[in-house]
Structure formats: structure tokens, C-alpha cells
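These notes concern the structure reproduced below.
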Number of protein chains: 2
Amino acid sequence: MQLGLSFSDSDVSSFTPLVVLELADDTKAEAITWLLNRIRDKQQNGGAELLVNQLLFPAQDDQKSNPNVFVVGSTLQRLLNGAEDVGLFKEFQDGTMRGFTYANRESFKDFNGDGEGFLSDAECQYIIKHGLDTLRAKNEQHVPGYPKLKLYPGKSVVRRLQSKGVLIQYFPLHNKEDLKRLSFSWYKKFKLSFQPLDDIRHYFGEGLALYFGFLEYFTFALVPMALIGIPYYLFDWEDYDKYVLFAVFNLVWSTVFLEVWKRCSATLAYGWGTLSRKKAFEEPRAGFHGALGFNPVTGREEPVYPSSKRQLRIYLVSVPFVLLCLYLSFYVMMVYFDMEFWAINTYHENPNIATSILLFVPSIIYAVVIEIMNLLYRCAAEFLTDWGEPEILLFNFVNCFASLFYIAFVMQNMVLLRQSLATLLITSQILNQVMEAFLPYWLQRRRNKKVHKRMRRLMGDKELPLLGQVQLETEMNTYLGTFDDYLEQFLLFGYVSLFSCVYPLAAVLVVLNNITEVYSDAFKMCHVFKRPFSEPAANIGVWQLAFETMSIIAVVTNCALIGLSPQVKAYFPESDTQLILIVVAIEHVLLAFKFILAFVIPDVPKHIQVKLAKLDFDSLEALKKRMFITSNTCCSLPKQT
Amino acid sequence: MQLGLSFSDSDVSSFTPLVVLELADDTKAEAITWLLNRIRDKQQNGGAELLVNQLLFPAQDDQKSNPNVFVVGSTLQRLLNGAEDVGLFKEFQDGTMRGFTYANRESFKDFNGDGEGFLSDAECQYIIKHGLDTLRAKNEQHVPGYPKLKLYPGKSVVRRLQSKGVLIQYFPLHNKEDLKRLSFSWYKKFKLSFQPLDDIRHYFGEGLALYFGFLEYFTFALVPMALIGIPYYLFDWEDYDKYVLFAVFNLVWSTVFLEVWKRCSATLAYGWGTLSRKKAFEEPRAGFHGALGFNPVTGREEPVYPSSKRQLRIYLVSVPFVLLCLYLSFYVMMVYFDMEFWAINTYHENPNIATSILLFVPSIIYAVVIEIMNLLYRCAAEFLTDWGEPEILLFNFVNCFASLFYIAFVMQNMVLLRQSLATLLITSQILNQVMEAFLPYWLQRRRNKKVHKRMRRLMGDKELPLLGQVQLETEMNTYLGTFDDYLEQFLLFGYVSLFSCVYPLAAVLVVLNNITEVYSDAFKMCHVFKRPFSEPAANIGVWQLAFETMSIIAVVTNCALIGLSPQVKAYFPESDTQLILIVVAIEHVLLAFKFILAFVIPDVPKHIQVKLAKLDFDSLEALKKRMFITSNTCCSLPKQT
């Protein structure tokens, strides 16, 4: 809560503004009044009990500014109560993490005085978001002034307004001082150090902090592989015998890497209070449609998504769409092979510098086309379905690796595989960095300059920092979540693990990419995108499974590649059968070893397990005590039934 | 608690005897007095607060009876308090399962009046066992009268007495009326019906009830396989094409079978209150050695087993021992093959009825030897280490299946494989039934007659039913737990799944075996063995993993068998390579399918998940409330630090 905003704009608000709410500029006055009243209303009356004020622009403003911009804040009391509602876990006096309760606030470690500074900025904004999201219609038939914007009791107001375009957006404000401090310790000082994960979590929330933690961990984990890869590349380009060793190392590495990450992630999430937090007990997200029902766990009334409707959508819309896209992807691959062979033939007919450069052109074009197709698929999938992440993952995987699988196992051309792998990897890395950070940054700078110019023209020498900040951030792009960032790492992991034994330099390239990735991602979070709402996360979720699946596929492909290598084949000059049987046997042993390893390494470190068990134990003990109190109360009443 | 024992033996005890405690007949009087006092002493003084009385034999008894037999009982109040201590879960008013608390007893469903009949017999006995096990030494240096029987504060008294042979045994008494009712509904009426699992659980506890539930489920699950197997056996003995279909069915079956069992088991365990019960919160079992330490979860003082010592024992004792045993096992296998070839040669030289019977003799002898070796290994493993169950499992697996693997994949002799499989399966089934039920029954009957005769001689026409019952049950064999029973089913599952595509009749044989197994196991539990203490179990534990591992191995072996079949080979007359590659590809697809299936089917049914989540939610809410109370109490005191 240590907000550093100076409040010279006394006409704007009398509280620390944390969240900005932007309504369409033609919103009817009665709807605005109604919404503000509902936001300000007491919680027992079904309101959000938050502070909200309109951001007033100076009268001499030109037409372009939207007048319907509001800033939302909250009293400290409301925030602390909200922390209990959303189920925040905080460090208790005894060093364990416990669910925060207002009543018990004094027993938490960093709670001093009235609780100023106890909650981080990101947590306060999360609580306000939760308050807005759970603001539900009471008896209104429709939004005042909009007879077509139907409401029913329990419908999320914010969601309805957003889906109909009345509410354009709401987002948390940056805190300039904190941001300055964070960005300095994060990416501005050029010395070798770990990322300030706790600070990142403090500012952006657990979801994003876990992503950066994973990115760092993944990069460090790749370093030994990169170090082994360099001499392989430099000295023994064609010596497959040693690649066998490299492949085995690769397999053990990928298993241990993922298992140890689980432990790191559990340790981080425990310290951040998200490991023990139960997802199911949260209020439903505003994004859920559907009729109202009772949540069987919490007993709260909330919208229920009909599951059969969802099933139908999967079969009728998604499956044909995915199949169509996959067909297109394969078609493009075949075009690429035609180009490739044309280029090779041209080179062989007339080998000179121009044609040798031409050799790389098809792969580069193909890599660009792959990136474009991935992007198009994302947009189309989001348009058709709002839950298509597993499909996007699958499509990206097929799109990126289909050609490599084809070259490796159908064409069995290891030279082309190596060249294609290298070109795809390098091209996609360059494209990603440009698309992700530099392009948005350039656009953002252009916008910034425009806004600054207008602000200066408007205010002259009046100091209106809040107004300027809100204006700037309103026009920034919205960060769409960690999905794309994880996806990129997932595909890089694929390049490293699936075919690395034919191209050991892949790890080196990925390490180099990720070092710049940390900086560009950090920069884009701090300066290119709107600040995102914090997202409580206990682990990297479905990505753990995705990476593990990839590492299993990697065992199969690496074994097959080793079996295909001419050097290994030379050991079995008479029969392929024996070679294949041995390779298959080794593959099975490796897979079994992988599963045993995954089974033997505990997912959560011992000391965290103990703390979690202790929480469970205390909870159950408390439940017993509470039932005692309840039953005593019950007994004092005359019994009925 | 509805005990049906008639209490005419008024000189023996004035309470319902539930547990029998037998001390060595030369135990010193001061030790007995001390022990009884400790058992009777109040819990706040560190006693067990149980009722205990010596079982007095009539004066005219001959020398043979041990005078130091005691019966232990308890007041209802102590049992209800104990139910809370051991963390029993009972059905709450609202139909969910909740941890029982004495304070809140009125809110539980079947609690009427003073609570008579609320706890089952097995639960009462479990509570008494828990009370005895957790009876710990206070300041005694040694057991009175035995200066060598050292004690230290916190050492389990019962454990020390038992390890030094002073305490011979303690076991729960049968309840003749309940037993009569149970055995009637369980195995005495010959009509087709499910087993009375709830009654079994009521009488024997959850661990055993889950075993019988699994046995029933496994048998029913095998029926479709058996039905498909019969026509295969009758009509298409050598038609491998159709075996491919059978093998695929087998694979899908084994995966679905195990996944669905998890759901069944969760449903059963939820209804029995063991699913939500946390194992870690129980008092340590008396069996643990080691110095005293604090349990980090519960904060209770309890013995801690040094983990490094354990590791050392694994490497120094177990590994060489296991390797030696495996070597022996392989040696025996080689001897069997020699015998087998000798028999086959003899038959070929002179084919007649005698020599054709001779063909089966080696496998039968080998099967018997395998069973003997398994038994010897068990005894040796238990003597050397008291935690050797995973090794026993591994040794049994290798011992039973090594010869089959050798015949199938090294000798590639499908005719011998089929014959050997059939002989091993049938012989081991017959042997098991004899060893497990009929032999102990016969021995038991002989003992029974002797005891009855002596009793009649002793008492003449006096009615002393308790004395007689205790005498009888003291001499019954002790049931050593479900391990052997599960192991038998595990090996049967191996015979069915690993090689079933060459011998589809295996499922039929296993179904037939298991139908008699239900009866013989039920009979042996009710009349051959001492009643065992109930064992709270939420699932079949390590056996789930063991069965799943077996089903994965089954995929590999079945695919390999299909690849080896001459009919399949005939499709690829030119190259083995292509055949092997296709078989390997199919195997990989099947394995992937298996994992996806296991992933897609939820382990716990939805409605149970909701109830468990609700318990968690309520616990956390209660913890919040309780922290409130604690902090209020704290606040009323003057603050320090």
C-alpha cells in the first residue's frame, strides 16, 4: 500500500487510486450514476463498498478525451476484509503461512499498527478486482437507460457491461516509484544476479513471478547442456557414438529438470501463500456465463456453466476447425519441401555463394510462415472458442515440429534435419523478440510522445501527474497473460530436447535467447503493457504436464535418431532387426527409469510437506472445536425435528 | 458395541471384554501388577484408562493353562473420547463424513442416548489397541521385576514387553452373535449376491473390507474376459489374428479396470470415513523403534526412526540377500528347463499315455517349488528385515514369471508357453487354496476338539462360555494381514494379463478360483484365524501401483507376443524390420492411449470430490474462526515481547 503517487490533483479524488475503469464515452448518465452507486454501496446491501471518482479533465480539453474514466480505490478496512474474502494466505507469527482473517490480524507477521503496508499493491488491486467482479445484479431488470441490457438477480454487473461494450476496460494503475525500484533491480543493472522474484511477485502477482522463476530456472538448467554442446559442435560434428552419450545425458537431464522444478515451484508458492490456497473456494470469475446455481462446496450462489453445451461445442466447432488447420499446416509443409528441393537442386547445378545462401531461404520463409500461422490460429481460436488453450498448444506443436519429424523419420536426412532445425530455431527466436518486445515498444513510444504533447498543450505548466498517467496507461496494450510466454519456452524446450542429439548447439542458442528474453520480457511488463491484475498461482499448471509430455516424446525421438545414425548401424551390418530390438529395449529401459525417477523424487520438499500437513492438522482440530461451539449453541435452543 | 456375550462368568469381569492380553506364564507378579495399574490409570496420569481383569480358571485346572490371561474392556465414555483421539470419521447429520468429537457427539447421525451402539465392535477394539499401544513409560528405569527390560520416558510399554517375550500376544475377541450373522450373510447362503461389505467392515475394519471389495470387483471385471476367452479356446486355438483383437481388448480392459477401481475404492472409503482421515496425524504405531522426538506436524512427542540407519540396512543386508535369492530362483528355472526337455524327449521317443502325462510333471514340480521358494523367501525376509514387502513382491514376481518370459521371448516356444502357463496357474491355485484355508482349518478343528474336551472335563456342567472362547481363540493362528491375499491376486492378474493372448482360458480359471477364494477367505477370517484388529485404510495402497505397473508391462509383453506370432509374421514375409517397427509403433500408441485414459478418468467421483472439498472449506473457515477466538483471548492478556 505504500503508494508513491503525489496527490496534487485534489479535484480528482481523495483516496489512493488503484484501478482505472473506462466506460464508453456515450454511456448514459443514469447508467453511470447507477453503477457508481452500486460500487459505493455497502457490502451488506450487495454493493462493492469501494471508493470511486470520475477523473475530470480540464475544461479546455479537445474532443478526443473520453470523459467517462473513473478511478477506484478502497479504505484500508475494506481491503483487509477483502483479503479474508479472497482467501489470501499470509505469514503467521510462527513462520507458517495461514489464511488471513481480519479478526486475527494481529497474529500475522508483518501486521503493524492499522495494517498500512501489510498488503502489497498487487494484492490490493486483486481485492478491488474481486470486489468489482462479484458485484451482482439485485432486482434490476436491466441496466438503467439500457432496456436491452437485461439483468437478473446474481448476474455479474461488470461482466454484462463489458460484454455489451459499455465497460471498455478496467485495469490496475502502475505505481511509478515501485516500478522504478523494481525495474532497476530487475533489468537495469548489468551485473550477474538472480531476478528479484519476490519483488516481481509483490508488484505483478504470483502467476507472473512463477513464469519468470521458471524462465530463470530453465535457462540455468540449460547451461550444462550448452557447455557440453559446444565442444560437440566444434570437434565431433559427425561422431554419432558420442551423441549417444549426449542423448542419454539429455534424457536424464530433462527428467531431473522437471522434477526439481516442481520442488522449486512448491517452495516459491508456499512462501507466497498460494500453495495451500484452495482454488475451488474462490468466487467464480466474472467470465463465467450461465444460470445461477449453488456451489456445492462453499454454499455460495454463483453462475453454473452447463457442461453438456460445452461438450457439444467441442465436437461441432473445434474438432473440424482443428482438423482444417492441421491440413493447412501439412499443405504448407509440403510446399516448403518443394522449395527446399528446388533450392538444393539449384545449388548442385551451380554451386556459388548466391545459391549457397539460397539453401537457407526456404527454411527461413517456412519459419516465418509457421509463426504467422501460429498467430492466425490463436486469433481464430479465440474468436471461435474462449477456452482453446490445449488446442492452441497442440496446433503450435504440430505446426513447428511436423516438418522436423518428417525430415528425421520419413526422409531420414540428417543433414537437412540439422539445417532445418537451426534455421527454424534462429528465425523463430528473432521473430519472437521483435514481435513481443521491440514492435510494441516502438508503437508505445510513438503513443507516449503524442499523449505527452497533448498533455503539455492542455495543462500548460499545471502539474497533473495522475491525469497524465491514466491517459498514458489507458492507451497501452493489454497483457494477455503468460500463455504466449510459456508457449514460446515450450517450443524452445521441444527444439532442445527432441532433436538435440543431431544439433547440440540448440541449447546454446536457447540459453542466449533466454538471457535476452528475461530482459525483453521484464521491459515489456514494466513499460510496454498495461499493468496486469495479479493472478494467484500455485504452480505452472498445465505447462508442467506439457513439458513432461514433451520430455517423454523426446526419449522416443532421441532413441530413434540414435538407431538411425549410420555409425550405430555400422555395428550391426547384417541385420537391422537386432539393431531395432536393442534400440527399442534401451528406449523401454530409459522410459521405465524416467518414471521411477519421477516417482522417487518427491514433488514437494519435506519441510514444506510438514508445514502443509500441520495446516491440515490444525484446520481439522479447529473444525472439531468449532463443531463443539456450534453444537453447544444448538443445544441451548429447544430441539426440533 | 452390541456385544452378545452372556456374562454368567461373574467372577471373571464386570464389563464387556473386547481384547485379550496374554502374558508369559512365568511373568513376575510385580510386573503384572505394574502393567495392570498402568492400563487402569487415568489418561492424565499417563495411563490408558481401560478396564482390565485377569481371567481366572477353575482351581481344578491341570498344568497346561496359562494363568496370565487378561481381558480388556472400556467404559463407553473412554471409547467415545478415544474415537476422537484416533480421529474416527463418522456420518454427520447432513450426510457428510466428519471427524468425530465427543463435544459434538449429538450432531452425528447414529448417535442416540448415551452413544451405545454408535461405535462398531471393530472400532472399539481399535480404540483399545490404540490406547494400549500408546501407553508409554514415564519415569520407570525398567519393567518392575525385570532389571534388564530397560525403559525410558516415552517408550511404548507394550512394544517393549512384546519384543522381550513377556507379552505373548494381544488380540480382539470374536463376537459370537455378530459373527454368526455375518458369516450367514457372507458365505453360508448359496445364492448369487454381492458380499456384505459394510458388515465386513463393521466386523473386521476397513482394510479387510477393501480387500474383499477388490476381490469381488476383480472377479466381476474378469467375467467379460472369461466369456470372450471360452469361444477362443474352443474354436480358434491357433488363430492369432483374432488374438490381436483379444490382446487389444485386454489392454483397454486392464486400464479401465484399474481406473474404475480407484473410483469404487474412493466411494467405499468415503462412506467408511477413511478417505478424509489423515494418516500422518495418527499416533505412531507401537512397532516403531528409535529415540523420542517431536512430530513436526502434530507437535506430539513420539519415537523417530533414524533414516540413515535404514538406508544402510537396505544396502548392506537386503541387496545381497535379494541378489542371492534371485540367483537361486534362476538356477531352479534352469533345472526345470532341463527336466522339461528330458520329458519332451522321452515322449517323442516313446509316445504313450504315461509319457504324455509325464509332459506335465516338470511344470507341476516347478510350480510347487516356486510356491515353496516364495514361502521361504517370505520367512527369510521377515527374519532379516521387518519392512521387506516391496522386495517380497519383486521376488515373487520374478520367481513366478521368469520362466514364462524366458519361454516366450528367448525360446519363442508358444506351445510350451501355453502349457507351462496353464500348469503353473492351475497348480498354484490348488496349492494356495489348500495352504490358505483347508490346512489351517483342519489343524484348527483338531485343536478345537482338544480344547472342548478339556473344557468339558474341567467344568463339568458349569457354563463358562467366555473362558472357553478365550481358550479357543488364544490358540488360533494369527492373521498376518492382507499382504498375502493381495499378492495372490497380483500374481493371478499377472497370469491373466501378461500372456493371456496365448492362453485365453486363463481368465476363466482365475474367475473360478476367485469364486472359491471369496468363500475360503471369508471362512478363514471367520473361523480359522484369530480376529484381527481393524486397520483403517483409504485405498489398497501400494497395490494400486503394483497392479498398474503390471498392466503397463502387460502392454509390452502382449505386443511382443503378437509380433512373434507366425500368422502376423506371415504378413511381412520379406523383412522382419518392418514388422518390428509396426509392432513398436502400435505399442507406443497403446501406451500413450493408456496414459491418456488414466489421465482423463478422475480418480475420485465428482460427488465425493465435492464433499471432500466442502470438508476442506469448512475446516479452513473454522480455522479462521478459531484463530479469532485465540487472538481475542491473547488480546485480553497484557502483551509481552
Unique residue being modelled with pLDDT of 80 or more, out of contact with any strand residue (DSSP E or B) (no Cβ under 8 Å at 6 or more places or on another chain) and on the phi < 0 side of the Ramachandran plot when the list is A:Gln419, A:Gln412: A:Gln419
Verdict on B:Gln93 being surrounded by fewer than 19 Cβ atoms within 10 Å (Cβ to Cβ) and more than 14 Å from every other protein chain (Cβ to nearest Cβ): no
Boolean, B:Gln54 is in contact (Cβ under 8 Å) with a residue 12 or more places away in the chain, open to solvent by 20 Å² or more (accessible area, probe 1.4 Å) and within 14 Å of another protein chain (Cβ to nearest Cβ): no
Residue in segment B:37-46 that is open to solvent by less than 20 Å² (accessible area, probe 1.4 Å) and of a type outside the set (A, V, I, L, M) present: yes
Filtered residue count, segment A:141-152, keeping only those that are part of a loop (DSSP other than H, G, I, E, B) and either in contact (Cβ under 8 Å) with a residue 24 or more places away in the chain or open to solvent by 70 Å² or more (accessible area, probe 1.4 Å) (or both): 4
Residue within segment B:74-85 that is in contact with a Phe, Trp or Tyr (Cβ under 7 Å, 6 or more places away or on another chain), within 14 Å of chain A (Cβ to nearest Cβ), on the phi > 0 side of the Ramachandran plot and modelled with pLDDT under 90 present: no
Single unsatisfied condition, B:Leu561 versus (1) surrounded by fewer than 20 Cβ atoms within 10 Å (Cβ to Cβ); (2) over 30 Å from B:Ala266 (Cα atoms): (1)
Within segment A:73-104, tally of residues that are of a type in the set (Phe, Trp, Tyr) and under 25 Å from the mean Cα position of the chain (by Cα): 1
Candidates B:Ile370, B:Ile357, B:Ile365, filtered to the one that is open to solvent by less than 30 Å² (accessible area, probe 1.4 Å), assigned to a helix (DSSP H, G or I) and of a type in the set (Val, Ile, Thr): B:Ile370
Residue match in segment B:177-187 (condition: in contact with a helix residue (DSSP H, G or I) (Cβ under 7 Å, 6 or more places away or on another chain), within 20 Å of B:Thr474 (Cα to Cα) and open to solvent by 20 Å² or more (accessible area, probe 1.4 Å)): yes
Matching residues, segment B:119-136, being farther than 27 Å from B:Asn45 by Cβ and either part of a loop (DSSP other than H, G, I, E, B) or open to solvent by 30 Å² or more (accessible area, probe 1.4 Å) (or both): B:Ser120
Lone qualifier among A:Leu545, A:Leu512 - being free of Cβ contacts under 8 Å to residues at least 12 places away in the same chain, in a helix (DSSP H, G or I) and either over 16 Å from the mean Cα position of the chain (by Cα) or crowded, with 21+ Cβ neighbours inside 10 Å (or both): A:Leu512
Residue check, A:Gly154 in contact with a strand residue (DSSP E or B) (Cβ under 6 Å, 6 or more places away or on another chain), closer than 20 Å to A:Asp85 by Cβ, within 14 Å of chain B (Cβ to nearest Cβ) and not aliphatic (A, V, I, L, M): no
Residue within segment B:459-474 that is at pLDDT 80 or above, open to solvent by less than 30 Å² (accessible area, probe 1.4 Å) and on the phi > 0 side of the Ramachandran plot present: no
Residue within segment A:596-603 that is facing chain B (nearest Cβ under 9 Å), closer than 17 Å to A:Ile552 by Cα, touching a residue at least 24 places away in the same chain (Cβ under 8 Å) and open to solvent by less than 90 Å² (accessible area, probe 1.4 Å) present: no
Neighbours by Cβ (under 6 Å, 6+ apart or cross-chain): first from segment A:358-372, in the same structural domain as A:Ile392 (by TED's automatic domain parsing); second open to solvent by 40 Å² or more (accessible area, probe 1.4 Å): A:Leu359/A:Tyr347; A:Pro362/A:Met339; A:Glu371/A:Leu431
In segment A:99-116, the residues that are out of contact with any Leu (no Cβ under 7 Å at 6 or more places or on another chain) and open to solvent by less than 50 Å² (accessible area, probe 1.4 Å): A:Thr101, A:Ala103, A:Asn104, A:Ser107, A:Phe108, A:Phe111
Subset of segment A:526-535 (residues that are modelled with pLDDT under 90 and either over 19 Å from the mean Cα position of the chain (by Cα) or surrounded by 21 or more Cβ atoms within 10 Å (Cβ to Cβ) (or both)): A:Val528, A:Ser534
Residue match in segment A:575-593 (condition: part of a helix (DSSP H, G or I), at the interface with another protein chain (Cβ under 8 Å from one of its Cβ atoms) and modelled with pLDDT under 80): yes
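The values are calculated or read from the model by the stated rules, or taken from the named source; none is laboratory data. On a predicted model such as this, the values are computed, not experimentally measured, just so you know. No Cβ is skipped: glycine too gets one built from the backbone with ideal geometry, and neighbour counts run over all protein chains shown. Accessible surface is based on the protein model in full, side chains and every heavy atom, while ligands, DNA and RNA are left aside. Shrake-Rupley method; radii C 1.70, N 1.55, O 1.52, S 1.80 Å.
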